[in-house]
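Novice: I have a structure I would like to understand better, so I am pasting it below and will then ask my questions one at a time.
The values are calculated or read from the model by the stated rules, or taken from the named source; none is laboratory data. The structure presented is a predicted model; accordingly, all values stated were derived computationally and were not measured. Please note: Cβ atoms are built from the backbone with ideal geometry, for glycine as well, and neighbour counts cover all protein chains shown. To get the accessible areas, we keep the full protein, side chains included, count just its heavy atoms, and leave off ligands, DNA and RNA. Shrake-Rupley method; radii C 1.70, N 1.55, O 1.52, S 1.80 Å.
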Amino acid sequence: MKLKRFLLRYYPPGIILEYEKGGCLRTKSIDLLDLTPETSPDELLAEIQQSEPLITESRADQVKQLIVRLQQKQGQQDHHRFCFFKELKAHILPLTNVAFDKSGSRFITGSYDRTCRVWDTASGSELHTLEGHRNVVYAIAFNNPYGDKIATGSFDKTAKLWCAETGKCFHTFRGHTAEIVCLVFNPQSTLVATGSMDASAKLWDVETGDEVATLTGHTAEVLSLCFNTVGSQLVTGSFDHTVSIWDVASGRRVHTLIGHSGEISNVHFNWDCSLIVTGSMDKTCKLWEAVSGECVATLTGHKEEVLDVCFDLSGQLVATASADGTARVFSVNTHQCLATLEGHDGEISKICFSPPGSRVLTASSDRTARLWDARSGVCLQVLEGHTDEIFSCVFNYEGDTIITGSKDNTCRIWY
């Protein structure tokens, strides 16, 4: 094994090693999820050297400098105020979802008008219209970090794979017997997973377009799914009140997570693949151990359904959004509620952390999106201008651009 070069990853903090083994170029990552500006670089370096044989004495100084650079990035205060840049009359019918590519230079919108559109973020101009579905395009995704492919899932019971550069359709995935409502690429961009109202999830081969596996076992609609960061497991959330963990290689169900008493609204793995968070219509959110399938905490406090839930990138915080018009931030370690985000005048359907994890973005039926301080719960900014419910909001990877999508048929770019 020969180390070729280092790559720095800011969110979440880590160092990527590019090395040669058996004539092939490979990568592995050293995750530094607990790094803070107060961490001793020398102590951390010693820890890394103990566990990573590629970090020899001759490379030690370089690694220490990278640690210091990550700490400097963490120490930068986030005072960015977002300004309205452009409104895109994106579709003739309401939007369903918006998503960025990894670089943030392009984003996509899905719509009830049966199309997905690809946009240039900097200019707000349309690059491609992906046409071919015969019903609502509901679920959309880029194959990040690569960004060269787009997947769309539709109420016409099919999913499609597209070239992001040309807008050409590579494959149509046929096999579901009801609407497709969620989809996601695995991290290696070799598989697409789809979830459907037919109570199943399916895995599809990106290269050939073939169905690889059908994941059956749920007794109601599969409304959310998520791969873990290494792509070895998939988690699905269903209207049958349960969550399933699947082994991707075999297509077998590893665990059924039972405990919620209402439909599952969303599911997520944390970065290090150890925990799963689930939000439910039973007004609670639960944390589960991925290995054992055990519930380790129930996060309570909301008075109405939990409509969305997410981890920050480091996996230390969980945010929940509710139909009661509030959002909450919880500590993953202590399970305590750190902040309650109050100010919206209607239900909050979407929530996400900024890449550094210092801010929370919420989208509401009150026609606004809001930006909050994740620790104090203070509202930093109200993004106003949409004339109908906002159901989608997303940060780019750098955290300096926001896209909001609304039932008013427009999306807005905020810088």
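Novice: When only residues in the range 88-141 that are open to solvent by 20 Å² or more (accessible area, probe 1.4 Å) and aromatic (Phe, Trp, Tyr) count, which is farthest from Thr152 (Cα to Cα)?
Specialist: Tyr112
Novice: When residues of the range 55-87 are filtered for being in a helix (DSSP H, G or I), open to solvent by 100 Å² or more (accessible area, probe 1.4 Å) and among the charged types (D, E, K, R), how many remain?
Specialist: So the answer is 3.
Novice: Right, another one. Considering only residues of the range 32-51 that are under 21 Å from Tyr11 (Cβ atoms) and in a loop (DSSP other than H, G, I, E, B), which is most open to solvent (accessible area, probe 1.4 Å)?
Specialist: Only one residue fits best here, namely Glu38.
Novice: Filtering the range 289-320 down to residues that are more than 15 Å from the chain's Cα centre (by Cα), among the aliphatic types (A, V, I, L, M) and open to solvent by less than 30 Å² (accessible area, probe 1.4 Å), which residue is farthest from Leu361 (Cα to Cα)?
Specialist: The residue in question is Ala290.
Novice: Still on this structure, please answer the following. Which residue out of His91, His133 is over 22 Å from the mean Cα position of the chain (by Cα), part of a loop (DSSP other than H, G, I, E, B), within 20 Å of Val394 (Cα to Cα) and of a type outside the set (Ser, Thr, Tyr)? Walk me through it before giving the result.
Specialist: Details: His133 fails: within 20 Å of Val394 (Cα to Cα).
The unique qualifying residue is His91.
Novice: Could you say whether any residue in the range 350-360 is of a type outside the set (A, V, I, L, M) and free of Cβ contacts under 8 Å to residues at least 24 places away in the same chain?
Specialist: Step one: list which residues in the range 350-360 are of a type outside the set (A, V, I, L, M), which gives 350, 352-359.
Remaining after also requiring free of Cβ contacts under 8 Å to residues at least 24 places away in the same chain: none.
No, because not a single residue in the range 350-360 is of a type outside the set (A, V, I, L, M) and free of Cβ contacts under 8 Å to residues at least 24 places away in the same chain.
Novice: If you don't mind, another one. Being in contact with a Lys or Arg (Cβ under 7 Å, 6 or more places away or on another chain) and more than 18 Å from His268 (Cβ to Cβ) narrows it down to one of Thr219, Thr190, Thr214, so name that one.
Specialist: Thr214
Novice: Could you tell me whether Phe155 is closer than 26 Å to Met197 by Cα, open to solvent by 10 Å² or more (accessible area, probe 1.4 Å) and not charged (D, E, K, R)?
Specialist: Details: closer than 26 Å to Met197 by Cα: yes; open to solvent by 10 Å² or more (accessible area, probe 1.4 Å): yes; not charged (D, E, K, R): yes.
Yes; evaluated as a whole, the condition is true for this residue.
Novice: What is the one condition in (1) over 23 Å from Asn135 (Cα atoms); (2) touching a Phe, Trp or Tyr at 6+ places or on another chain (Cβ under 7 Å); (3) of a type outside the set (A, V, I, L, M) that Gly259 does not satisfy?
Specialist: Exception for Gly259: condition (2).
Novice: Of the residues Ile351, Ile413, Ile402, only one is under 16 Å from Leu307 (Cβ atoms) and either open to solvent by less than 10 Å² (accessible area, probe 1.4 Å) or in contact with a Ser or Thr (Cβ under 7 Å, 6 or more places away or on another chain) (or both); which?
Specialist: On the way: Ile413 fails: under 16 Å from Leu307 (Cβ atoms); Ile402 fails: under 16 Å from Leu307 (Cβ atoms).
After ruling out the rest, the residue left standing is Ile351.
Novice: Go through the range 148-183 and give me each residue that's small (Gly, Ala, Ser), under 25 Å from Lys102 (Cβ atoms) and assigned to a loop (DSSP other than H, G, I, E, B). Break it down stepwise before answering.
Specialist: Within the range 148-183, the first condition is being small (Gly, Ala, Ser), and the residues that meet it are 151, 153-154, 159, 164, 167, 175, 178.
Retained after the next criterion (residues that are under 25 Å from Lys102 (Cβ atoms)): 151, 153-154, 159, 164, 167.
The answer is Ala164, Gly167.
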